[in-house]
Structures are given as structure tokens and as C-alpha cells.
Amino acid sequence: MSTTAKYIFVTGGVTSSLGKGIIAASLAKLLQAQGYRVTIQKLDPYINVDPGTLNPYEHGECYVTEDGAETDLDLGHYERFLNVPTSQANNVTTGRIYQSVIDKERKGEFLGKTVQVIPHITDEIKHRIQLLGKSGDYDIIITEIGGTVGDIESLPYIEAVRQLRWDLGDNNGIVIHLTLVPYLSAAGELKTKPTQHSVKTLMESGVMADILVCRTEHNLPGDLRRKLALFCNVREEAVIQSIDASTIYDVPNLMLKEGLDKVVLKKLALKSSAPDIKKWNQFLFKHKNPKTEITIGLIGKYVELQDSYKSILESFIHAGAANEVKVNIESIHSEYLNDDNIKLKLCHLDGVLVAPGFGERGVEGKINAVRYVRENNVPFLGICLGMQMAVIEFARNVVGIANANSTEMDPNTPNPIIDLMEDQKTITRKGGTMRLGAWDCELKSGSLMSKIYKNDIIRERHRHRYEFNGAYKAQMEAAGMLATGLNPDTGLVEIIEIPSHPWFVGVQYHPEYKSTVANPHPLFVAFIKAALAYYKNKKSAKVSKS
Ligand code: GLN
């Protein structure tokens with residue numbers, strides 16, 4: 001079979017949460033920095049067609065691509081590391097695989113044959129894996145197989161990898177197996193047995209690992225590497241240690257030190273050179289050597305989960321480095337915010353971000369938080385639901401529409417200042433039916449946002465069903481909340497600002513999906529800059545008082 005692109009399959013063993021996504025993204029970064037065009041794909045073994053219908057408690061953040069795909073949060077890491085947009089083709093689930101095979105069966109495309117896991121499901125998996133390779137846009141495709149080797153649900157994927165390696169031939173497809181080398185403190189030893197077993201499990205499916213990446217809390221000594229190589233059929237140089245890092249952004253350098261890129265390129269019969277990661281390291285230096293620190297309140301209802309607001313947290317890291325400031329995030333549960341405690345909970349913050357979300361739980365706390373920051377001139381950024389709450393707060397407390405609400409929270413509100421979008425009203429199916437992906441937005445000249453973006457037209461990603469109800473726009477603008485960004489075709493309000501406030505911005509879209517290491521998002525950079533100014537002001541006011 002002729003192929004131009006080369007394939008790297010990443011499997012996981014022993015336990016979940018070993019960070020396959022970060023290893024894949026770090027390797028991709030090193031290959032990209034040697035001039036290769038690389039993309040990463042994630043295959044998820046669950047039956048949901050996409051993670052769009054999954055609760056953040058189940059699956060963390062749902063990441064949205066330019067083309068409007070609701071995807072796994074690992075795609076966010078891929079974009080943040082590579083600065084190259086992903087698409088629907090970069091995330092495939094078992095649900096989607098079966099859906100397309102069953103659709104084909106209903107259309108009679110299998111000509112009366114019995115439709116089976118092998119070859120029909122595996123053929124569909126192979127087709128999806130090769131879609132990106134066949135586009136001609138990439139030299140190397142890294143395919144991360146979700147789940148852990150040995151899971152029943154990942155078997156068809158492992159089988160597809162076995163077949164593909166055979167189809168692709170030597171040097172065109174390799175397998176990296178990510179595994180855990182636990183440290184038993186009672187014995188004072190690192191243990192290789194779980195890795196030996198998971199490599200064996202992989203071999204039972206006919207797949208040999210070419211490279212082992214071993215997650216570990218301690219350095220792997222040479223004799224342990226030799227033991228792993230001997231028992232797992234890999235060369236010693238292909239036993240790569242992945243030691244716990246203080247930041248995910250260290251991992252490319254750690255992998256470079258271990259020579260992962262070199263072993264990979266050798267196995268793929270590709271040339272290797274010294275990767276140019278100067279810019280990456282400049283970012284890292286700024287991230288690790290901040291000149292001062294500020295604290296931002298992140299107000300949401302999934303704050304106990306690190307993964308629920310992943311892209312927002314990473315955007316703060318990028319924007320912090322750009323401003324040479326450490327951004328401490330204080331996660332605040334909106335459900336527990338009320339009139340009595342709002343000052344206590346927010347008064348020490350240098351900026352407040354009200355998070356995106358769905359449903360009624362915790363919204364009144366978000367509205368309370370917006371009121372506090374608006375009245376106290378604290379820099380504010382509202383994203384999606386956060387922007388909608390800022391609109392409601394202003395309508396209620398400034399314009400005087402006491403019962404203003406969103407029809408998402410109160411379908412019978414007499415003042416639906418946030419209302420279901422017209423084309424959403426007839427939709428009943430849940431999956432993939434929101435307003436999704438990138439849409440144009442026209443910025444009002446002279447607005448804060450046009451200065452931040454240094455542009456008139458921007459394109460940002462969306463995921464919502466409700467919008468600022470245009471019927472209230474004139475009244476709101478007259479009272480001081482301006483709609484400074486509109487969709488040029490529909491007039492949908494994408495951005496609100498309060499010019500009389502030092503820094504008050506709400507956006508219907510999700511800027512966090514587009515912030516990368518190479519391109520920190522201008523809105524986050526500006527927000528952190530404003531928070532830093534607020535912090536410095538506060539500090540100098542204190543000094544002059546004393
Ligand atoms: N629930 C709101 C809507 O659907 C906001 C969505 C969001 O924050 N992503 O419009």
C-alpha cells in the first residue's frame with residue numbers, strides 16, 4: 001500500500017490518566033520543531049457519538065474546534081502545543097464509528113453481507129485514522145487510543161492498529177506504549193511488573209510496542225531500563241522515562257532530554273535534527289520567572305474539578321507569561337455566593353471571570369458576583385453563560401428591570417433578556433445541535449475590544465443556544481452597557497462592554513479555545529493586564545495610606 005504520511009499510535013497501559021495526550025502533544029511539538037507537519041488524533045472508545053452530551057463531572061471540558069466539533073479536551077492540548085487547528089477528523093468515538101457503519105448498512109452498502117466488528121468496524125476505524133494522512137496536509141499523524149489496553153471496549157481499536165501496521169509496512173507505523181512504573185515505598189523500589197503485564201496484554205492482540213514511555217515519580221536507573229527492554233522486546237534507547245513535571249509545558253523538554261523524538265524518527269526512517277524550540281522556551285522562562293503575582297476568581301459550578309475549565313486555566317497560563325505575572329486562580333463555587341458573603345469572598349481578587357455553563361444551578365451567585373465587580377470597578381470577563389449573567393445583572397440592577405432573566409432559567413419570565421435563539425426553537429435533539437464552531441464577529445470601532453484585537457472582524461468559537469435578546473438592546477445601551485461586537489449577518493450580540501467601568505467585558509463566544517503557547521489569546525492577555533493594573537493601583541493606594 002502506498003502512503004505518504006507516517007503513523008504513530010499511542011496506547012496506554014496499567015492505569016488511565018497517565019497523560020497520553022500530553023505525551024502525544026509533546027512528541028508532536030518536537031517533531032513540528034524539526035520541520036515536520038504533524039497532527040494528533042484521539043480515538044475514544046465510548047459509545048457517545050461525541051462528548052458534547054457528557055456532563056463535565058464525567059468527562060471534563062468539552063473542547064470545540066473551528067469546524068464546530070464537540071471534542072475531547074485532549075484536542076485542546078494538541079492545539080495549545082502545536083498552534084495548528086484541529087477538526088472533527090481529529091476526534092472519533094466508538095459511537096461515531098458504529099453510527100457510520102450502521103448508516104451504510106441501512107443504505108445497503110454492504111451488499112447483503114453480514115456486518116461484523118472485524119472487518120467492518122475495524123475498516124471504519126482504519127479509514128478514520130487514515131483520513132488525516134490522506135489529506136496531504138501532514139507528514140506524521142499521531143493517533144492516541146483512549147482507554148487502557150485490556151479494556152473490552154478498546155479491542156477493536158487495537159485490532160485496527162495491528163492490521164494497519166501490517167498494511168503500512170515497516171517504518172511507516174509505530175506503537176508507543178505509555179505505562180506506569182509505580183514506586184512501592186514500603187519496599188523502596190520501582191516496580192516493572194505492571195508494565196511487563198500490559199505489554200504482554202498488547203501482544204496478545206498481536207501488537208508489539210516499539211517504544212515504552214514510563215510514567216514514574218523517580219528516575220529510572222539503568223538496570224531497570226535494561227530489565228524493561230529485555231522483558232518487553234524494546235531496545236534500551238526506546239525505554240523513555242516520563243517523570244512527574246511541575247507543569248505540562250516542561251514535558252517537551254523532558255522528552256527531548258530522553259531522546260523520544262530521535263527514537264521515533266529513527267523507527268520511522270525519517271531524518272532527525274535539533275528541534276527549534278526557542279520560542280517555546282522563552283514562554284517557559286516567562287512562565288517560571290514571573291515578576292509579581294495576582295489572583296483571579298474563577299466563578300463557576302464545577303470548580304472542584306480541574307478538567308472542567310481546562311482551556312480557561314491554560315489561557316491564564318499563556319496570558320500570565322505574556323504579562324510576566326503569575327496568575328493564581330481562586331476557584332469559587334457560585335452556588336454558595338450570596339448577598340451576605342459576596343464581599344468577603346471577592347474583595348481580595350484582582351479580577352473575576354464568570355465561567356460558561358448550563359442550567360439553573362448557581363446562576364444567582366454568578367449574578368451576585370457580577371454586581372460586586374461592576375460596582376467595585378474590579379476587572380471582569382464573562383464567558384458565554386458568564387456574559388449572559390452580566391447582561392441580566394445590568395438589566396436588573398441598573399436598567400431597573402427587576403425580573404429580567406434567561407428563558408433557560410425561567411421559561412416564563414416576563415422579561416426574557418436572554419432568550420433561545422430563533423433557529424434553536426424547533427430543535428429537540430441534543431447532540432451537536434447548539435450554535436457551534438467559528439463565526440464572524442464585527443467589532444465597533446473605538447470599542448475596548450477593537451483595541452484589544454487590533455481588528456474589525458474577528459472569528460471565535462461558540463457553543464450555546466441562548467442569546468442577548470435584541471429587543472432590549474437600545475434600553476441597555478442607553479443605560480451604559482454597549483453591544484460592541486455583532487454577528488455581521490444576524491446581528492446577534494457577541495460582545496458587551498461597560499465603557500464607564502475600567503475593564504468590563506462579556507463575550508458570547510469562547511476565547512479560551514483559541515489560546516495557544518505561540519499565540520496567547522489577546523482577550524486573556526488584556527484581561528490579565530487590566531487585573532495587574534488594578535493590583536498595582538490597590539497596592540500603591542495602600543502604601544500612600546500608610
Ligand atoms: N447555557 C447557555 C446557552 O446555551 C450558555 C452556554 C455556555 O456557557 N457555553 O446559551
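The values are calculated or read from the model by the stated rules, or taken from the named source; none is laboratory data. Owing to the predicted nature of the structure, the values given are computational and were not obtained by experimental measurement. A quick note on method: Cβ atoms are made from the backbone with ideal geometry, for glycine too, and the neighbour counts reach across all protein chains shown. What goes into the accessible areas is simple: the full protein's heavy atoms, side chains included, and nothing from ligands, DNA or RNA. Shrake-Rupley method; radii C 1.70, N 1.55, O 1.52, S 1.80 Å.
The figures follow:
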{"read-out": "Accessible solvent surface per residue of region 248-311, calculated while the other protein chains remain in place, 1.4 angstrom probe, Å²", "value": "50"}
{"read-out": "Å² of accessible area per residue within region 410-539, as computed with a 1.4 Å probe and no ligands counted", "value": "45"}
{"read-out": "Sequence ranges 449-460, 303-314, ranked by mean other-Cβ count within 10 angstrom, highest first", "value": "303-314, 449-460"}
{"read-out": "Scattering curve values for region 313-454, log₁₀ I(q)/I(0), Debye with Cα scatterers, q = 0.14, 0.18 Å⁻¹", "value": "-0.83, -1.27"}
{"read-out": "Length-normalised contact order of region 103-203 in % [C-alpha pairs under 8 Å, at least 6 apart]", "value": "21"}
{"read-out": "Cα gyration tensor shape of region 412-513, rounded if a/c is under 1.5, else prolate or oblate by comparing a/b with b/c", "value": "oblate"}
{"read-out": "Carbon + sulfur, % of accessible area of the chain - ligands and nucleic acids excluded, 1.4 Å", "value": "50"}
{"read-out": "Amide H within-cut-off set for V175, under 5 Å, with H built and near neighbours excluded", "value": "F9, D210, I211"}
{"read-out": "Relative contact order %, the chain, counting alpha carbon pairs below 8 Å whose residues are six or more apart", "value": "15"}
{"read-out": "Residues whose placed amide H lies under 5 Å from that of Y509, excluding near-sequence neighbours", "value": "C384"}
{"read-out": "Cα-Cα over 25 Å, subset of K193/K310; K104/K200; K29/K514; K29/K134; K42/K113; K104/K134", "value": "K193/K310; K104/K200; K42/K113"}
{"read-out": "For N405, distant residues with modelled amide H under 5 Å away", "value": "N415, I417, I418"}
{"read-out": "Cα-based convex hull, the chain, per residue volume (Å³, whole number)", "value": "179"}
{"read-out": "Dipole of region 143-210, positive direction: furthest Cα of V181, G169, T143, with charges on the beta-carbon", "value": "V181"}
{"read-out": "Mean Cα-pair separation over length for region 42-191, i.e. relative contact order, pairs under 8 Å, 6 or more apart, %", "value": "22"}
{"read-out": "Surface per residue (accessible, 1.4 Å probe) for region 1-147, Å²", "value": "37"}
